[in-house]
Amino acid sequence: MKLILDNDNRNIIGPRLKAIRLKNKLTQQQLSAKLETMAVYIDRASISKIEQQKRIVTDFELVALAEILKVSPNWLLGLEK
């Protein structure tokens, strides 16, 4: 099955992920290391691609990112302020 998107964005959490990561004073490498402790393997380059909306985020990655950054998955998705 081919993925068809209307634009080049592969996720909607990218801008909020970057904002909250910076607010928490974490580098992409530090975030990657914290994810690894939860058995979620996203390297620094992939975090960069997520923030640029060039990489798809799975549901379990979304939950892990939200937990580490102390926000809800809905906040990352832009469904709450």
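Counting only Cα atoms, I'd like the Rg/Rh figure for the chain, Kirkwood definition for Rh. Walk me through the numbers on the way to the answer.
On the way: Rg = 12.2 Å, Rh = 12.8 Å.
Rg/Rh for the chain comes to 0.95.
Restricting the stretch 1-68 to trypsin sites (Lys or Arg not before Pro) that sit in a DSSP loop and have at most 13 other Cβ atoms within 10 Å of their own Cβ leaves K2, K25.
Only helices enter the 222 nm calculation for the chain: every DSSP H run of n ≥ 4 contributes -39,500 (n - 2.57), and dividing by all residues gives -14000 deg cm²/dmol, rounded to 500.
Under the convention that each Lys and Arg Cβ holds +1 and each Asp and Glu Cβ holds -1, the size of the dipole of the chain around its Cα centre is about 320 debye.
Bear in mind these aren't lab numbers, they're just calculated from the coordinates by the rules spelled out. All values reported here derive from a predicted model rather than from experimental measurement. Virtual Cβ from ideal backbone geometry, glycine too; neighbours counted across all protein chains shown.
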